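Structure record follows, encoded as structure tokens.
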Number of protein chains: 2
Amino acid sequence: MVTLAEVAQHAGVSASTVSYVLSGKRSISASTRERVELSIQQLGYHPNAGARALASSRSNIIALMVPLRTDMYVPVMMEIAIAVATSARTHGYDVLLLTGEEGPAAVRRIAGSSLADAMILMDVELHDERLPLLRDSGRTAVLIGLPADTSGLTCVDLDFEATGALCVDHLAGLGHREVAVIGEAAAVYERHTGFAERTVDGIRAKAQDAGVRILHRPCEGGYAAMAGTLARIFDERPGTTGFIVQNEAAVEPLLNLLQQQGRAVPEDVSVVAVCPDQVATQASVRLTSVAIPAQEMGRRSVEQVVAKLGGRGTDEVDLLEPVLTVRASSGPAPV
Amino acid sequence: MVTLAEVAQHAGVSASTVSYVLSGKRSISASTRERVELSIQQLGYHPNAGARALASSRSNIIALMVPLRTDMYVPVMMEIAIAVATSARTHGYDVLLLTGEEGPAAVRRIAGSSLADAMILMDVELHDERLPLLRDSGRTAVLIGLPADTSGLTCVDLDFEATGALCVDHLAGLGHREVAVIGEAAAVYERHTGFAERTVDGIRAKAQDAGVRILHRPCEGGYAAMAGTLARIFDERPGTTGFIVQNEAAVEPLLNLLQQQGRAVPEDVSVVAVCPDQVATQASVRLTSVAIPAQEMGRRSVEQVVAKLGGRGTDEVDLLEPVLTVRASSGPAPV
DNA sequence: GAGGTCGGTCGAAGCGCTTCGACTCCACTC
DNA sequence: GAGTGGAGTCGAAGCGCTTCGACCGACCTC
């Protein structure tokens with residue numbers, strides 16, 4: 001491995017000069033700079049990450065804690081993770097991948113070892129155990145999600161209340177008066193991962209204003225679960241003409257079952273989903289949907305981290321405006 | 001931050017003793033060990049990762065390069081990534097997440113900076129640009145996938161040839177004589193990501209033995225693409241009674257279209273998929289499938305890495321035996 | 001022309017850890 | 001009773017980098 005000292009010797013300057021060429025923290029004459037850069041090129045020098053971290057107490061690593069549960073919401077998580085990794089690189093950071101497995105202890109370990117300069121936590125629960133540890137670790141952190149107490153923390157998330165409201169608005173505008181909400185699996189509510197509740201809150205509030213009756217039912221993914229849920233919904237509210245689907249894994253089963261029951265989408269029944277655009281456009285009916293902007297969330301969270309590390313930090317909640325795209329799954333309520 | 005020196009002072013021993021307690025590389029008396037461990041506890045000491053890496057020239061980090069293309073095969077990739085991260089932790093390693101974005105240069109950067117002790121590459125192509133760089137970086141590496149030249153490299157993958165053969169075997173055993181293969185998107189073949197070709201090779205070879213006619217057609221995911229592909233298949237081979245589906249995103253559209261055309265599964269047509277078990281069990285028809293053992297692949301690749309770093313390394317190709325599970329989508333060919 | 005300023009460079013002191021050699025005891029051996 | 005060897009501990013020398021203060025000309029200013 002080539003070291004900084006070797007580069008310095010090769011270029012006929014001192015080690016510190018090379019370091020300053022690299023970091024730009026002091027001015028260097030053009031001629032020296034060029035000479036050093038040439039040596040770096042020729043020798044194929046790469047600064048040693050460990051030495052750098054030790055001397056500067058900055059590792060240029062951001063830790064990303066993803067949820068362990070691989071069973072829900074996977075494409076979104078993956079998209080966020082990839083967006084985080086790629087945008088981190090554009091800011092000169094690498095990303096360390098932590099799974100929920102280790103639990104809150106991971107926060108302590110990473111903070112204690114100075115392995116990462118900052119952390120991004122995904123899938124934050126309302127009363128997340130990691131938050132107290134995070135707060136008194138003093139480490140920079142950004143959450144994707146919205147806990148109950150956001151004081152001293154930066155949060156990035158989709159505005160799920162507005163998302164819920166937007167869905168209701170759309171359906172109400174089309175004349176629907178009885179709307180069923182296909183929620184997330186019951187476990188998601190039990191964990192109090194705020195987004196599910198917030199969506200429903202948004203739906204409820206707007207529904208009241210708009211004179212829409214809401215029936216909210218949690219639902220696991222898959223056909224069997226969806227069939228049962230759907231039967232019960234039409235049982236209780238035969239007049240249901242609108243559906244808001246929160247759970248991605250329920251989208252395709254729902255469309256399929258409706259079709260089998262001879263209910264045409266969108267003539268008899270309208271469906272609005274909250275899901276990534278890709279899911280909406282690849283479904284058997286092109287879905288009217290509110291997009292989950294996974295990439296944007298990843299990108300923003302990195303930008304917040306970088307800003308905070310650069311001292312331009314802001315402790316604030318950064319809620320993304322939801323956007324509803326009308327496609328082929330929603331239309332006027334039948335008369 | 002608490003340092004090793006502070007722990008040493010608190011415990012009344014020298015710094016090196018604390019280090020040896022931590023690493024176990026020299027014998028330490030029980031009483032000293034206990035005293036040191038207590039001090040570590042009380043002070044909440046965590047070794048500084050950078051200092052450790054610098055002094056020992058081991059970072060205890062494994063770099064994982066995931067493909068950038070988030071559009072294909074996502075759940076499998078995610079599952080592998082999570083499995084890699086969690087099993088790495090059980091061996092004392094953390095995982096650095098690299099995306100394809102940076103391209104082959106990432107290999108050079110990581111190797112050069114000693115940021116990671118080893119690399120795991122996913123989505124390896126037949127003639128992958130990263131391999132030459134990897135070889136002469138001298139860094140430990142494990143590939144998930146199978147390149148053309150495996151010399152000096154350890155590879156972990158599902159035995160896709162056997163997978164293809166297994167599918168044909170199953171269908172042939174049920175009496176099917178005309179089988180269509182719904183392949184991956186054309187782009188996948190163009191990139192020469194070996195697995196797709198290997199599966200087809202396995203299918204072809206076994207088909208010849210078994211007297212089965214094969215029609216192989218690449219197919220994008222989604223309904224529109226599948227509809228076109230399916231129409232052309234029945235056009236060319238009206239007697240087709242068996243389907244082997246490689247592309248996960250085509251599974252649901254295929255089932256749906258077959259249903260719409262009045263072809264019952266499995267009475268009229270049998271379907272065998274190559275996909276994770278979760279997809280197979282959550283589909284509208286419970287699918288007979290060969291599982292893609294994502295977790296197992298992640299776990300094994302970490303084990304290979306750890307073995308190699310520990311000097312117990314083996315340059316070998318570690319192909320996982322495919323397993324076919326019969327579910328509700330396949331049955332005897334109609335007479 | 002003395003004093004001040006600033007751009008450009010260097011030397012040296014760490015950052016917190018690992019590891020090697022050396023040292024001390026103590027229990028054995030012959 | 002000297003010699004041997006292992007167990008347990010310590011001190012010191014780095015690992016490769018950043019960064020601070022110092023230094024040296026060159027250019028201004030009054």
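A few remarks follow.
- Expressed as a whole percent, the accessible surface of the protein assembly as shown that belongs to carbon and sulfur atoms is 50, based on a 1.4 Å probe.
- Copy-to-copy label distances for residue A:261, where each label lies 7 Å from Cα along Cα-to-Cβ, are 2.9 nm in order of increasing length.
- Between residue A:236 and residue B:259, the FRET efficiency estimated from the beta carbon spacing at R0 = 30 angstrom works out to 0.60.
- As a rough guide to protection, the peptides A:291-298, B:200-207 ranked by mean Cβ packing within 10 Å, highest first, stand as A:291-298, B:200-207.
- Exposure check, 1.4 Å probe, all protein chains in place: residue A:268 carries approximately 70 Å² of accessible surface.
- Inter-chain Cβ neighbour average for residues A:272-283, partner chain, 10 Å: 2
- CD proxy at 222 nm, helix term only [per DSSP H run n ≥ 4: -39500 (n - 2.57); per residue of chain B; nearest 500]: -14500 deg cm²/dmol
- Computed over the range B:1-136, the convex hull of the alpha-carbon atoms projects to a mean area of 10.4 nm².
- Rounded if a/c under 1.5, otherwise prolate or oblate - the range A:160-292, Cα gyration tensor axes: rounded
- Axis of helix B:195-210 versus longest Cα principal axis of chain B: the two differ by about 40°, to the nearest ten degrees.
- Helix axis angle, B:160-173 relative to chain B longest principal axis, alpha carbon, degrees: 30
- Per-residue mean of foreign Cβ neighbours for B:212-225 is 1 (Cβ atoms of other chains, 10 Å radius).
- Between chain A and chain B, the total buried accessible area stands at approximately 4200 Å², from heavy atoms with a 1.4 Å probe.
- Chain B shape via C-alpha gyration tensor axes, a/c threshold 1.5: prolate
- Residue A:192 contributes an accessible area of around 90 Å² to the protein surface, as traced by a 1.4 Å probe with all chains present.
- Solvent-accessible surface of chain B, averaged per residue with a 1.4 angstrom probe and all protein chains in place: 41 square angstrom.
- Efficiency of FRET from Cβ geometry, residue A:315 and residue B:323, R₀ 51 Å, rounded to 0.05: 0.50
- Gaussian network model of chain A, Cα within-10 Å springs - most flexible of A:179, A:265, A:251: A:265
- Within 10 Å of the Cβ of each residue in B:83-94, the mean number of Cβ atoms contributed by other protein chains is 3.
- Distance between the modelled labels on residue A:127 and residue A:41, one decimal in nanometres: 6.1 nm (7 Å Cα→Cβ projection).
- Efficiency of FRET between residue A:149 and residue A:190 - r from beta-carbon atoms, R0 22 angstrom, step 0.05: 0.65
- If the convex hull is drawn through the Cα atoms of the protein assembly as shown, its volume per residue in Å³: 180
- Remark: label point of residue B:173 defined 7 Å out from Cα along the Cα-Cβ vector; separations to the same position in other copies 5.6 nm, ascending.
- In nm, spacing of pseudo-spin labels at residue A:29 and residue A:201 (7 Å Cα→C-beta vector): 6.4
- Short-range pairs are left out: with C-alpha atoms under 8 Å and at least six residues apart, the relative contact order of chain B is 17 percent.
- Taking all Cα pairs closer than 8 Å and separated by 6 or more residues, the relative contact order of the range B:23-102 comes to 32 percent.
- A point 7 Å from Cα along Cα→Cβ stands in for residue A:6, and the other copies hold the same point at 3.7 nm, listed in rising order.
- Separation of alpha-carbon centers, the range A:193-263 and the range B:75-93, rounded to whole Å: 34
- Solvent exposure ordering (accessible area, 1.4 Å, most first) of A:226, B:1: B:1, A:226
The values are calculated or read from the model by the stated rules, or taken from the named source; none is laboratory data. Quantities reported herein were computed from a predicted structural model and do not represent experimental measurements. We place every Cβ from the backbone using ideal geometry, glycine too, and count neighbours over all the protein chains shown. With ligands, DNA and RNA removed, areas are computed over all heavy atoms of the protein, side chains included. Shrake-Rupley method; radii C 1.70, N 1.55, O 1.52, S 1.80 Å.
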